[in-house]
Amino acid sequence: MLARRLLPTAARSVRVVALAPRRALHASAPLRSDASSQHIFTDTNNEDTPFEFSEENEKKAAEIIAKYPAGFQKSAVMPLLDLAQRQSGNYVPLAAMNKIAKILSIPPVHVYEVASFYTMYNRTPVGKHFVQMCTTTPCMVEGGYKVLDALKKRLGVAPGETTADGQFTLIEVECLGACVNAPMMQINDDYYEDLTPETAVAVIDTLAAGKQPKIGPQSDRVAAEPAGGLTTLTEPPVGPVLRKGRLD
């Protein structure tokens, strides 16, 4: 009764209102590794799956760890995860995470936390060519969804799926930071920009043929120069000039 007298009338009369379901901002079908922070055990990706760094990568791992002061070696977890992902064919198996934890003398959960937080680490297998198509506002306005539709048709898969031959995985992602060259996509480490449905398919065709397509803008412009050509800074820049004893 005392609590009832102390609470304002408005607070006592608050009603619970059912909220409408929220619309997801990401339209892609999520990969299994994105859908849950928990590991999904499979016959080829579990605690007992063998993993060892190759002899070459053992040397690279030692070089990476040596960059950090004594007592702070755990900071090497991110580059070591990247090293393991490259060795394993574009994903980080659970056994690799456990191996990294052992190397750095840290609890395995500390490695799991990093691998499950950053989307650049794939915790389930993906295709040899990991195609990430951006459809955030600048890319969307410049025709990103038309490019995505062309990729879906060419590959015969929906976002979140991998082709039957294991060569390509297609997903739809948020901003990749190349808005001035929209629409764009990232395939493994490389950016392909200024895309049209035709040039995007051409990139896929080139990769499917075992060749390396041109990286960067698929148009005639250089890097992020104006699409209509230069209007300023049309001459080569001059170097520093010594004027009145001062270097300008």
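Taking amide H positions as modeled 1.01 Å from N, with prolines and chain starts lacking one, the residues under 5 Å from residue 191 and 5 or more places away or on another chain are 216. Normalised size of region 189-244, defined as Cα radius of gyration per 2.2 N^0.38 Å with N residues, equals 1.70.
Computed from backbone phi with θ = phi - 60° and the Karplus coefficients 6.51, -1.76 and 1.60, the 3J(HN,Hα) list for region 142-152 is 8, x, x, 6, 5, 5, 4, 4, 5, 5, 4 Hz; x is used for glycine and proline. Quarter the surface of the alpha carbon convex hull of region 63-157 and you get the mean projected area, 7.9 square nanometres. With a threshold of 22 Å on the Cα-Cα distance, the over-threshold entries among 60/99; 74/128; 59/102; 74/99; 67/99 are 74/128. The alpha-carbon atoms of region 114-247 define a convex hull whose volume equals 168 cubic angstrom per residue. Highest-first packing order for the peptide set 221-230, 82-91 is 82-91, 221-230, based on the mean count of other beta carbon atoms within 10 Å. The figure for residue 48 is an accessible area of roughly 140 square angstrom, using a 1.4 Å probe on the protein chains alone.
Given the Cα-Cα distance of residue 60 and residue 110 and 0.36 nm per residue of separation, how much length would full extension add, in nm? Intermediate results must be reported in sequence, preceding the final value.
Values: separation 50, 0.36 × 50 = 18.00 nm, distance 2.13 nm.
Extending this stretch completely gives an extra 15.9 nm.
The values are calculated or read from the model by the stated rules, or taken from the named source; none is laboratory data. Note that the coordinates shown come from a computational prediction; the quantities given were computed from them, not determined experimentally. Please note: Cβ atoms are built from the backbone with ideal geometry, for glycine as well, and neighbour counts cover all protein chains shown. Ligands, DNA and RNA are excluded from the accessible area calculation, which covers all protein heavy atoms including side chains. Shrake-Rupley method; radii C 1.70, N 1.55, O 1.52, S 1.80 Å.
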